[in-house]
Each structure stands twice: as C-alpha cells, then as structure tokens.
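The values are calculated or read from the model by the stated rules, or taken from the named source; none is laboratory data. Just so we're clear, the structure is a prediction, and the values are computed from it rather than from any experiment. With ideal geometry, Cβ positions are generated from the backbone for all residues, glycine too; neighbour counts draw on all protein chains shown.
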Amino acid sequence: MALRVNSNIAALNALRHLQHTEQELGKNLERLSSGRKLNHAADGPASLVISEQMKTQISGLGQAIRNSESSISMIQTTEGALNEVSNILINLRQLAVHAANEGTNDEKMLQADQNEVDNLLSTLKNISRNTQFGTRTLLDGSNSATGVVIGNGLEFVLASDEAKSTHSSGYKVDITQVATRSMMVAAHKLSLEDVSPSDPNNAISFVINEGGRTISVDLKNNNDLRDKIELLTASAKRNGTPEARVRTERGIQQLIAYEMQKMADDANMELDIFVYRPADNLGPFLENFDTLNDALTEMSRTPGEINNFITGLDEVIVLRHRQFGSDPGFTVSSTLENYFGENIKSNEAVFSVPGRDVEGTIGGSPGINGGGAAMGRGQFLTGAPGAEGEGVTIKYGETTDDVIYEIFKRSENKVAGLFRREINNETLVGDDVDGFVHVSQNSLVFQIGPNQGQLRRISVESINPEELSKGIENNSNFRSLAEIDVLDAEAAQDTLLLVDQAIDDVSTMRGNLGSFQRNALEANLHSLRVSKENLTASESMLADTDMAQEMSSLVKNQILLASGTAMLAQANQVPQSVLQLLNSNG
C-alpha cells in the first residue's frame, strides 16, 4: 500500500460521506420539525409547482364555502320576510272575502275592514323598505333585472338573471313577423235553405273542440235557438223580398254565432266566435288561392306585404282562438258539406289554420355569431341563449289576425282576396318594427366557486304594494295592490282578483328562492366541501412529511454520522504510519 503525506484519500472519502450524512440529517430535522416535505423549491421542483397550485385552489375553495354559507343566510333572510308577506296577503284575502259578503255587512264593518287593509298594506311597504342583510335592502326591487323599451307596440316583460346590462343605446329590436291567432273562416254565408229547423234534413249542427273541451250547437235539439230562427224565416217568407231575405240570413248567422260563443264561454273555451263583414273598398283579387282556408294557411307560412283591399262580399262566421302563436288550435265540423272548405264532408272535423309566433331579433343580426337571435312564442320574443340579448323578453302587442280573413266571391267558392286594415296609420303586415330595449342588470350575484366566472345570479323583485299585481284588468280600475279597497262588493271582488295574483307572484318568488338555495347553493356547498377535502388530501401527499418514514431516515443518518465521524478519525491516523517508517530508518 502506498503511503502519501500530501493527500489523504481515505480521509477525503470519509469526509465526503460525513458531509452528505450531515446534510441529509439536517433535512430530516427540518422535515420533522416543520411537518412539511417541501420546504424549499429544491426539495421537489415539479411537486412544488403542483402543490402551490393546489394550495391556491384549496384557499379559493375555502372562501367559496364561506361565500356560499353567507349566501344561504341571505336567501333565508329574504325568504323569511316573504313568508311574512304571504301571511299578510292571506289576511288581505280574508278581509276581501268578508267584505264581499254584502248581505251582512254595513258601512261601519266595511270601513273597519278597509282600515285593516290599509294597515296591512303599510306593513307591506315597511317590509319592502326595511328588510336588509347587512346594509343591502332585499325586497325593494333594487336586486332585480329591469328594463324599458322604446318603440310602438313594444312592451318590456322581463330580463332573466342571464341578461346583460345594455350599453347606452340599448339592444335594437326588429319585429319581422307579428303574432297571429289560429282561426277558421266559413266558406260562405248560411242561407235560409241551410238552416231550416223545421226540415230535419236541414237542421244543421256544429261540433267544436278546443283544449280537450267539446261543444255541440244543434239546431234540431236547441229549442230556444230553433224557435228564434223559425220566427226569422217565417218573417222573411211573408215579406218575400230579396232585402228581407238578406236581413234574415244575416240575423240567423248572428244568432248561431252568439249561441256558439255562449256555449264556448260556458265550457271555458279560449275562442271568439263572431260574424265578419268585409269593408266597403273593392280591391284587386288574389288569384293564387282556391280553397277556403288556403289563404290564411299561406299567411302562416310566408310573411310579407299584403296589398289587397276587398269588399262587397258575403258575411261569414269566424272562429278565432284567443291565444296567440303556433301552439293553440281547435277543430270544427258541421253537418253542412263544404261549409268550411271544398271537399269537406258532413261531420268531418277540420283543423283551424295555425297562428304564428312573433319573429324578430334582439340586439343585432342573427347571422353574426348568433348576435340577435331570438325565439318567439305567441306575442313574446326572447333573446336566445348565447345571443347578445340573451334572457331579455319583450312583447309585441299589435297583430293583424283580427283584420285578415279569407274573403270569397259571392258566386263561387274562390278566394276573392285578403282584406288588410291599417292600425295607427302603420301597416302591420310584413313591416320591420324598430325599437330599443334597455336592460339594467342588478340581480344578486354570488361567487360560488374558486375560479373566475363561477357566478350565479338571482333576481328578487319588489314586494311594495305599488309593484304587486300591476296591469291586472279589473272593474274598479285598481292599477296595483296599493289601490285596493273593500268598501263595496264590486271593489272587494276586484281586490280578491289582485290579491290572488299577488299571492301567486310572491309564492313564485319564494319557490325560485328555495330552488336557488337548494340547487344552486346547498348542492354546490356540498360539492365544494368534498372538493376541498379531496384536494387537501392530494396536496398533503405531495408536501407533508411522512413522520414514520422520516424518523427511520433520521435514525439511519444519526448512525451514519457517528460511524462517519469515527472513520474520519481513523483515516486521519493513516499518515502517522509514515513517522514510524522514518523512525525505523534512524
């Protein structure tokens, strides 16, 4: 073995191992004292990046949990106040029912009821103004999406929680197709020969079905109607003049239409039945339609200008649905062949010509990234999901279907033209109707997640009596719940109408709040807690010290430190053998 004095390789080797052991022992002590496996970036660069991302997410989840908990508290506060509002409305209804019992009430009793009504309305106002969460007022209408419209025939309906506030000019509204109602027009007038009730073969009947309800107008079995028609026909026969015949046939149609309407109302059908008479202008014929309802059917398919005025044609019975849009409809049949169209057999049910939903755009051109796309339902137009006007609903109240009917020539079963009327000096067929809707989005916004954009909104409407039950038609001309009184029987009945609407509206608000709390907040809160638990476990596996494993490593390194120190001492003694070698030479 070579002996060297300048370089002690064994000592250097022992020192290197001892230094490494000391370094590892220091890490053991740091990890055991801190409980963290990742104390420095060098401890695990990749793991540190992942760990920091997880810690950020865990912190965000914790705050989102606290946000959700406070949001639930706010919703519960709001719903609790609405519960009291419901109780007040129930008391108002009870007072209205009592006041409507006109036979037992005197003026003093009615005045006492009115005094209580006034007190309850005052309480409603106080709840609206003073219900707060912190310093935020909840039920004064300041936490909802509101809007106004500018344009003839346009009416703002609502803006959902998804609707966005508009810029200063608002969303442009273009109406390209007005809403129409389903209808059916008779092919010709009823003649004396058609309706002779004394002749069993001519005792015609009609069957109408709408919304699952059916009525039958039978001249043979309806004694009252039959007697009236017989009186008219007898008078016409005695007179014998063409003018008397025309007047009689006109009266018969009015009687039959009136009876149809009466029976339809008794059956709660959504139908208007009347006799239509064209105006006095004679215009160009439409020659493209040959059957009774082809013209209206074509109108339901193709919007556009109808430049035809027509007059001088027969009066006919018209059946029209009261609801707008493509969904409502009805069927009608008659024992009189061809009464509702060519080749229509006796007792054959004929479907009404369908109505149309309003069509148009809200916010822009629908071809540009769906900018102004909107969906129509009846007279209501709503911005499509993802479109510029998303969640905004407006109503276009004007229509043409009450002034457009198929008109047929007197001498043959051909369409003579379509009659068009102008309302407010504006043609309503096919014209674009420009307007603007301005939306102010003040809905309550809740950050229910740890990341950007994880928001939920909910609108809370005003429960101020001046805002409840607005726009409800009533005989007393009450414009809102704030104006109700119970000082007479009619006012009490109208009060019932408005209070019932207010109860429905408040119940809907409570239902929406409850659904939001349960499905948007509480379910999300549970998910957040599970996510935080799982993410914390994952981050702990990356960054926390395994104490048992670290203690084993500490003991190992302590032993290595002791042995390394001893071996370094031994290695340092190796050069001493050179002195022995030198002494032996002396």
Checklist entry - Do we have any residue at all in segment 227-248 that's touching a strand residue (DSSP E or B) at 6+ places or on another chain (Cβ under 6 Å), surrounded by 15 or more Cβ atoms within 10 Å (Cβ to Cβ), touching a residue at least 40 places away in the same chain (Cβ under 8 Å) and under 18 Å from residue 316 (Cα atoms)? => result no
Checklist entry - Is it true that some residue in segment 538-556 is of a type in the set (Lys, Arg) and more than 23 Å from residue 85 (Cα to Cα)? => result yes
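Determine, yes or no, whether residue 83 is over 24 Å from the mean Cα position of the chain (by Cα) and either at pLDDT below 90 or loosely packed, with under 13 Cβ neighbours inside 10 Å (or both).
Answer is no for this residue.
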Checklist entry - Which ones in segment 249-271 are among the acidic types (Asp, Glu) and surrounded by fewer than 18 Cβ atoms within 10 Å (Cβ to Cβ)? => result 265, 266, 270
Next on the checklist: Given (1) within 28 Å of residue 450 (Cα to Cα); (2) not in a helix (DSSP H, G or I), identify the lone condition not met by residue 467.
Outcome noted: (1)
Checklist entry - For residues in segment 537-573 being within 60 Å of the chain's Cα centre (by Cα) and charged (D, E, K, R), which is surrounded by the most Cβ atoms within 10 Å (Cβ to Cβ)? => result 539
Checklist entry - Which of (1) over 27 Å from the mean Cα position of the chain (by Cα); (2) surrounded by 18 or more Cβ atoms within 10 Å (Cβ to Cβ); (3) at pLDDT 90 or above is the odd one out, the single condition residue 105 does not satisfy? => result (3)
Next on the checklist: Just to be sure before I move on: is residue 13 among the polar types (S, T, N, Q), modelled with pLDDT of 90 or more and within 30 Å of residue 446 (Cβ to Cβ) in the structure I sent?
Outcome noted: no
Next on the checklist: Every residue in segment 139-168 that is more than 16 Å from residue 505 (Cβ to Cβ), at pLDDT 80 or above and not in a strand (DSSP E or B), please.
Outcome noted: 142
Checklist outcome for this item: Within segment 484-496, residues without any contact (Cβ under 8 Å) to a residue 60 or more places away in the chain and surrounded by fewer than 18 Cβ atoms within 10 Å (Cβ to Cβ) come out as 490
Checklist entry - Out of all the residues in segment 513-547, which are among the polar types (S, T, N, Q) and either in contact (Cβ under 8 Å) with a residue 24 or more places away in the chain or touching a helix residue (DSSP H, G or I) at 6+ places or on another chain (Cβ under 8 Å) (or both)? => result 517, 524, 531, 536, 538, 545
Item to check | Qualifying positions in segment 50-92 - in contact with a Leu (Cβ under 8 Å, 6 or more places away or on another chain) and small (Gly, Ala, Ser) | outcome: 51, 64, 68, 71, 81
Next on the checklist: Let me spell it out: the conditions are (1) more than 24 Å from the chain's Cα centre (by Cα); (2) modelled with pLDDT of 80 or more; (3) not polar (S, T, N, Q), and residue 173 meets all of them except one. Which number is the exception?
Outcome noted: (1)
Next on the checklist: Take the conditions crowded, with 19+ Cβ neighbours inside 10 Å and either in contact with a Phe, Trp or Tyr (Cβ under 8 Å, 6 or more places away or on another chain) or closer than 24 Å to residue 54 by Cβ (or both) and apply them to residue 534. Does it pass?
Outcome noted: no
Item to check | Residue satisfying all of: in segment 235-273; among the small types (Gly, Ala, Ser) and part of a helix (DSSP H, G or I); farthest from residue 221 (Cα to Cα) among these | outcome: 244
Checklist outcome for this item: Over segment 123-140, the set of residues under 13 Å from residue 463 (Cβ atoms) and surrounded by fewer than 18 Cβ atoms within 10 Å (Cβ to Cβ) is 123, 125, 126, 129, 130, 137
Next on the checklist: Checking the condition of a type outside the set (Phe, Trp, Tyr), in a helix (DSSP H, G or I) and under 18 Å from residue 524 (Cβ atoms), which residue from 58, 50, 90 passes?
Outcome noted: 58
Checklist entry - Which of (1) part of a helix (DSSP H, G or I); (2) more than 24 Å from the chain's Cα centre (by Cα); (3) of a type outside the set (Val, Ile, Thr) is the odd one out, the single condition residue 451 does not satisfy? => result (1)
